[in-house]
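Below is one structure; the comments refer to it alone.
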Amino acid sequence: MKRNVVGAHYGLTTWIAQRATAVLMAIYTVIFLVAVLVVQPGTADAWRGIFANGFMKFVTFLFFLSLFYHAWIGIRDLWMDYIKPTGVRLSLHVLTIAVLIGYAGWASKILWSL
């Protein structure tokens, strides 16, 4: 099967993946809001206390991974739909992947240094 080099037409799989990541982010938002309402952090130590829990670190990192994958799907489709020269599009894909992986590493460094 030959793929088109233009157009994002991946269909149902990416649609479901993007909706699943949105659901994970929505669930995390509820968990985070409950934690903030319960703890009512007013100091930096109180904020660190929220994230000192291994569960909260894990779900926060899962949130960031979901956010980055969600962003990847959206930006990839944008590049594929609107950037026609293949070399430019490939360069933008690589740059986007590098930035998102860098953000994931940065998020893990921040979370596990708290």
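Annotations
- Qualifying positions in segment 73-114 - open to solvent by 50 Å² or more (accessible area, probe 1.4 Å), assigned to a helix (DSSP H, G or I) and under 26 Å from residue 31 (Cβ atoms): 101, 103, 106, 109, 110
- Considering only residues in segment 35-72 that are among the charged types (D, E, K, R) and open to solvent by 50 Å² or more (accessible area, probe 1.4 Å), the one that is farthest from residue 22 (Cα to Cα) turns out to be 45.
- Residue among 60, 13 that alone is polar (S, T, N, Q) and at pLDDT below 90: 13
Residues checked against (1) of a type in the set (Gly, Ala, Ser); (2) touching a residue at least 12 places away in the same chain (Cβ under 8 Å):
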| residue | (1), (2) |
| --- | --- |
| 58 | no, no |
| 73 | no, yes |
| 79 | no, yes |
| 113 | yes, no |
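The values are calculated or read from the model by the stated rules, or taken from the named source; none is laboratory data. The structure displayed is predicted, hence computed values, not measured ones. Every residue, glycine as well, gets a Cβ built from its backbone with ideal geometry; the counts of neighbours run over all protein chains shown. When the accessible area is computed, the model is the full protein with side chains, heavy atoms only, and any ligands, DNA or RNA have been set aside. Shrake-Rupley method; radii C 1.70, N 1.55, O 1.52, S 1.80 Å.
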